[in-house]
1. Taking into account only those residues within segment 42-72 that are under 17 Å from the mean Cα position of the chain (by Cα) and in a strand (DSSP E or B), which is surrounded by the most Cβ atoms within 10 Å (Cβ to Cβ)?
2. Applying the selection to segment 49-65, what residues are touching a residue at least 12 places away in the same chain (Cβ under 8 Å) and closer than 12 Å to Thr120 by Cα?
3. In segment 73-105, which residues are small (Gly, Ala, Ser) and surrounded by 15 or more Cβ atoms within 10 Å (Cβ to Cβ)?
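Each reported figure results from applying straightforward, stated rules to the coordinates on display, with no laboratory input. Computed from a predicted model, the values in this text were never measured in an experiment. All Cβ positions, glycine included, derive from the backbone under ideal geometry; neighbour counts span all protein chains shown.
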Amino acid sequence: MKNSGIYIFWLFLLVSLMFGGLFWQKDMAPAKWQIAYEHDTAGLGIEGSKETLIEAIRLGYPVRIYWAGGPVEHVTNVPFLTILGGEVFGQIHPIKGQKPITTPPSVELRENEWVTIFSTNGERSLKWFVYK
C-alpha cells in the first residue's frame, strides 16, 4: 500500500505527458507557402494586403514571388527585401537569361544574366507568397 501513491503519481505523469504531447502536436501545423499579397500592373491589390506581406517580412518569413508573361510562368525566392514608404521591393539573385520556346515546349539558356527588383507599387502583376 505504501507504493500505491508512487504508482498513481507515475500514472498521472504518464497520462499528462501523453495528452500534453497530443495537444502540442495539434498546434504545430506544418508550414506552407501562403499568398500574402497579389497586385496588378498598376499596383492595385487583388488578394491579401501589403500590410500582411510587410508584417511577414518583419517577422522573418521567407518570401517567394510569382509572375507570368504570355505562356511562361516564373517563381523565385526573394532573398533581399526592402520596405520603403509602405511599399515592398524585392531583389532576386542574378539568373541566366532564358529563351522560352513554345513548340515543342523547351527553354534554352542565353549568355546574359538577368536581375531585377520587383515592387508592390506596380510595373508587373505579381503574387507575393510567404512561408509560414
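1. Step one: list which residues in segment 42-72 are under 17 Å from the mean Cα position of the chain (by Cα), which gives 47-67.
Next, only the ones that are in a strand (DSSP E or B) stay: 47-48, 63-67.
On the way: Glu47: 12, Gly48: 19, Val63: 21, Arg64: 17, Ile65: 18, Tyr66: 16, Trp67: 15.
The qualifying residue surrounded by the most Cβ atoms within 10 Å (Cβ to Cβ) is Val63.
2. Once the filter is applied, which keeps residues that are touching a residue at least 12 places away in the same chain (Cβ under 8 Å) and closer than 12 Å to Thr120 by Cα, segment 49-65 yields Ser49, Lys50, Leu53, Ile54, Ile65.
3. Our first condition is that a residue be small (Gly, Ala, Ser); within segment 73-105, this holds for 85-86, 90, 97.
Of everything in segment 73-105, just one residue is small (Gly, Ala, Ser) and surrounded by 15 or more Cβ atoms within 10 Å (Cβ to Cβ), namely Gly90.
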